[in-house]
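The values are calculated or read from the model by the stated rules, or taken from the named source; none is laboratory data. Computed from a prediction, not measured in an experiment: that's the story for all the values here. Counting neighbours? That spans all protein chains shown, and the Cβs are built from the backbone with ideal geometry, glycine included.
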Amino acid sequence: MKQITLSILLFLFLSCVQKREQNNLAKSWNITLADSSSKLSMFLPSNYDTLLIWTHYQCGIPYYEIRLQDKSFPIHEEGGFYDPGIPSRKYQITFEQMLRTKPRILPTREEIIERHNGEVENAVNNPQAVQTQYDTLLLLPNATYSIFANCYHDVKNKGYMQIVTTTVSTSQSFITITFEKSSINYPLDRSAFVNECIDILKTMKFSNGA
């Protein structure tokens, strides 16, 4: 009887966890990227309720930007090499897409892992490099993500900024994905935001390769 009770409690616990995860990523998004042939679908928390799309140029090179964010945070479209208007309060995901002049072969999982390990080694051995506080490889059946995360102390604005970055390659473009979340106090559990980002990445589907 005791064993049956424990089994029921375990089942209820796992059901609650699964339900909570589904509720956390409750909103479906479907976006067509700048190359017009790549499409992105994903699930996000419901407070991601604002979509921004714009293009800015650096040294004549166009950068196509797609951002999803909480509308209660400042809305700003960055532009140019130096933009002094970037807000200090953020809770957002930004996709920065650079189109290729011609289609290229997608990198293999082995090549992504090798590049990831090289970046980790460079951060450790190069004193000029930003020291990464967290890195991991997310190996999914149809995608491989090289993930780096950090938490910066924003002295000027008296706060902290958590950043998680990764990249995706399609045959037509190179996409940098940046998750950002600001807080007034130092985030004691930085893994919570990293895990949220990883859960979102697990839902992402690119129609033109990833």
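Looking at S183, S171, just one residue is in contact with a Lys or Arg (Cβ under 7 Å, 6 or more places away or on another chain) and of a type outside the set (K, R), and that residue is S171. Do we have any residue at all in the stretch 64-84 that's surrounded by 12 or more Cβ atoms within 10 Å (Cβ to Cβ), modelled with pLDDT of 90 or more and of a type in the set (S, T, Y)? So far as the stretch 64-84 goes, yes, one or more of its residues are surrounded by 12 or more Cβ atoms within 10 Å (Cβ to Cβ), modelled with pLDDT of 90 or more and of a type in the set (S, T, Y). Pairing each residue of the stretch 152-166 that is in contact (Cβ under 8 Å) with a residue 40 or more places away in the chain and surrounded by 16 or more Cβ atoms within 10 Å (Cβ to Cβ) with any residue that is small (G, A, S) and part of a strand (DSSP E or B), provided the two are 6+ apart or on different chains, yields C-beta distances under 6 Å for G159/S182; M161/S182. Filtering the stretch 46-101 to residues that are over 20 Å from the mean Cα position of the chain (by Cα), within 23 Å of Y160 (Cβ to Cβ) and small (G, A, S) leaves only G85. Within the stretch 167-210, the set of residues being without any contact (Cβ under 8 Å) to a residue 24 or more places away in the chain and touching a strand residue (DSSP E or B) at 6+ places or on another chain (Cβ under 6 Å) comprises T167 only.
Here is a yes/no grid of residues against (1) at pLDDT below 95; (2) out of contact with any Pro (no Cβ under 7 Å at 6 or more places or on another chain); (3) part of a strand (DSSP E or B); (4) within 26 Å of S28 (Cβ to Cβ):
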site: E119; (1), (2), (3), (4): yes, yes, no, no
site: N122; (1), (2), (3), (4): yes, yes, no, no
site: I147; (1), (2), (3), (4): no, yes, yes, yes
site: A192; (1), (2), (3), (4): yes, yes, no, yes
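Would you confirm whether or not the stretch 100-108 contains a residue that is modelled with pLDDT of 90 or more, closer than 15 Å to S169 by Cβ and in contact with a Leu (Cβ under 8 Å, 6 or more places away or on another chain)? No; the residues of the stretch 100-108 include none that is modelled with pLDDT of 90 or more, closer than 15 Å to S169 by Cβ and in contact with a Leu (Cβ under 8 Å, 6 or more places away or on another chain).
Tell me whether the stretch 86-106 contains one or more residues that are touching a Lys or Arg at 6+ places or on another chain (Cβ under 8 Å), surrounded by fewer than 14 Cβ atoms within 10 Å (Cβ to Cβ) and hydroxyl-bearing (S, T, Y). Show your work before the answer.
Initial filter on the stretch 86-106 (touching a Lys or Arg at 6+ places or on another chain (Cβ under 8 Å)): 88, 90-95.
Restricting the remaining residues to those that are surrounded by fewer than 14 Cβ atoms within 10 Å (Cβ to Cβ) gives 88.
Now narrow it down to the ones that are hydroxyl-bearing (S, T, Y): 88.
Scanning the stretch 86-106, I find at least one residue that is touching a Lys or Arg at 6+ places or on another chain (Cβ under 8 Å), surrounded by fewer than 14 Cβ atoms within 10 Å (Cβ to Cβ) and hydroxyl-bearing (S, T, Y), so the answer is yes.
Let's see how each residue does on (1) part of a strand (DSSP E or B); (2) without any contact (Cβ under 8 Å) to a residue 60 or more places away in the chain; (3) closer than 30 Å to V155 by Cβ; (4) touching a Pro at 6+ places or on another chain (Cβ under 8 Å):
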| site | (1), (2), (3), (4) |
| --- | --- |
| S46 | no, yes, no, no |
| P62 | yes, yes, no, no |
| R67 | yes, yes, yes, no |
| K71 | no, yes, yes, no |
| G80 | no, yes, yes, no |
| I93 | yes, no, yes, no |
| E111 | no, yes, no, no |
